[in-house]
Amino acid sequence: MQARIFAFVLLVGCTVEEPIDDTPLEVTEEDMAADAEFDMSVGDGKEDSALSYVAVARLVKAAGITCSGERIALATAIAKAESGFRPWITNTAGNTHGIDRGLWQINSYWHPEVSASCALSASCNARAAMRISKQATRWSEWWTWKNGKHLPFMASSRGAQATVCAE
């Protein structure tokens, strides 16, 4: 009987919810410096240039994501699909609750721990997105990921990851 129960658990599977880190996120001095660097790197009007992909990939890496696998590329592609690499953008279209804000469009209702100033700071938004996505391993909260809207940006994002990881 014990073997059958064990087999049933293996077949059905169990998910264990990890505790949510709801420590408030605010803009730090490091965020302000990183944001200034980001603004300079994308301030040439070439929003869709390779430079923009590299700048966002650098933010992801600076948020603590390692170069293993395609985590930096995936995070970069999702940011492109969510905001077009515009850290100041907000959106309420299709939202029942809250406002989507910043590069990764972090929702104010679902993530009140992310302050408005953090959400609109490229560096702080990157840190928040990496925390919410479990270090760029779980993107199920992002509509663009669920619907494959990030896929057209993966090739450029992979190139950006390669550049950033070679630095």
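Read the figures in this text as sums done on the coordinates, not as results from a lab. Keep in mind that this is a model prediction, so the values were computed, not measured. FYI the Cβ positions are ideal-geometry reconstructions off the backbone, even for glycines, and counts take in every protein chain you see.
Close amide H contacts of Leu25 (hydrogens built in the peptide plane, cut-off under 5 Å, sequence separation of 5 or more or a different chain): Val114, Ser115. For Trp139, no residue whose modelled amide H falls within less than 5 Å of its own remains once neighbours fewer than 5 places apart on the same chain are excluded.
Please order Met154, Met32 by the number of other Cβ within 10 Å, starting at the fewest.
Details: Met154 18, Met32 13.
Exposure proxy ranking, most exposed first: Met32, Met154.
When the Cα atoms of the range 87-132 are aligned to their principal axes, the ranges along those axes come out at 26, 18, 15 Å in descending order.
Computed on the Cα atoms alone, the convex hull of the range 27-166 gives a volume of 97 cubic angstrom per residue.
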